[in-house]
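No value in this document is a laboratory result; all are computed from the given coordinates. This is a predicted model, so every value here is computed, not measured. FYI the Cβ positions are ideal-geometry reconstructions off the backbone, even for glycines, and counts take in every protein chain you see.
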């Protein structure tokens, strides 16, 4: 009987296999028939390289204009490389978050690789290494309770205010110092401060803070050498050949990369051995794997070193956000007056703000929200890369597509945010036009499995810095000899991040009592 049953099994198996193959073939054929998303006309071979060359420095603005003709998905090709620009938060969520397994990789950027940054969390393709590094960062930075970083944020903000008292004309450096030293302390337990008359940030004299700042800026700049990704044959040219200055930049970057990866970790390990280490992400993690007697101690320590070194990218985001806040109140002084009225009413004049005051300061909080929307830091983000072909809303998205989220376009969509170019914190207040709209923290820090793991940390530092600054200082524009306001600085848009230099302005304590509060707070540290 069994011999009669076996042929039946063979036939059943063949039928099932045939149906499966037919289904796969049918789906492939259907997909191959799907059109690519709409976009500007492409030329043979070079594709849209000339549009990229013309609009490159303002591509995010051009993409928002293209939205009128092509919609929220814009397809380009650059020398055979498919590129998809997304102008909609909804589509970005659908693809980059809900289909993150397909959209979480990175292109292997040429310049960051030449400069030795291929190990970084930001540059890694999707895989096990990325998952491990992100898990480390999320554990320590998504919850303020793990590192208790709110207390240190407040302490460092007091030192920041003291710096403004001493040299207000250098406010940009004090902001850089605030973000860098706070990250350094939370990550490695290294204070980066010196005891003078009061505690002041001294990053000019601290080699480790200098290393963190230089490395973060270098990595961002290296991501901006996108022309090498579209003409990779240029890396075959010798360094003496005209137009190959990137080789020198790459060599300097590799030196920074090696130092950042190991020197700070080595410093903290030495302090742990000496018993002088302060609690930090490094001490907690190394203590945990040591107590667990992990057989993979070396590997785990290496992954941690790679992840920890990348926290300095968060310094640039936080610094630029606070710089943009000062830029906003200089352009719109009425927002400063309204914030100070709220702070005086809620906090009074006998103490400085704390993180716990946030729920009672809706206007100050709204200013922090609006700053992230008003001046998008990374207008196109860092490209994602598809790992296989996909289809969405009747369009085909090829494997290997570079996917760019137009953060600037999403934040400046007039259909969602009326008068998008205007700084209007009141739009986020109860009853405001955008009170129930998507908050910038949900798109300004990226999407899906590539979203910045330090976004909650950065948001907390941004708030306490803003509240402390606005509660204690007046910020005003200055005029020239003819009585005209001196123009404010403009954003540098030559990189993938829009940084802002200092403007000439007057920053003065609101009162003698405010200045005294600052010095008393610093003296108590």
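Here the extension length gained between residue 482 and residue 33 equals 155.0 nm, from 0.36 nm per residue of separation less the Cα-Cα distance. Over the chain, DSSP H runs of length four or greater, each weighted -39,500 (n - 2.57), average out per residue to a 222 nm ellipticity of -16500 deg cm²/dmol.
In this label model, residue 516 and residue 61 are separated by 4.9 nm, measuring between points 7 Å along each Cα→Cβ vector. Multiplying the residue separation of residue 205 and residue 244 by 0.36 nm and subtracting their alpha-carbon distance yields 10.7 nm.
Using all pairs of distinct alpha-carbon atoms, the Kirkwood hydrodynamic radius of region 412-518 works out to 17.5 angstrom. What the pair-distance distribution of region 49-523 shows, using all Cα-Cα distances binned every 10 Å from zero, is 4, 19, 29, 27, 16, 5, 0, 0 percent.
The value obtained for region 66-144, namely the Cα convex hull volume divided by the number of residues, is 146 Å³ per residue. Remark: region 402-447 projects, on average over all directions, an area of 3.5 nm² (convex hull of Cα atoms).
One decimal place: the segment residue 288-residue 393 gains 33.1 nm when fully extended, by the rule 0.36 nm per residue minus the C-alpha distance. Can you tell me, using C-alpha contacts under 8 Å and at least 6 residues apart, the relative contact order of the chain as a whole percent? About 22 percent, as a whole number.
Between 0 and 90 degrees, the angle of helix 246-274 with respect to the longest Cα principal axis of the chain falls at about 70 degrees.
If we sort 272-282, 375-385 on the protection proxy, mean other Cβ atoms within 10 Å, highest first, what's the order? The partial results should precede the final answer.
Values: 272-282: 15.7, 375-385: 22.7.
Result, highest mean Cβ count within 10 Å first: 375-385, 272-282.
Separation of region 468-499 from region 145-184 is 20 Å, based on Cα centroids.
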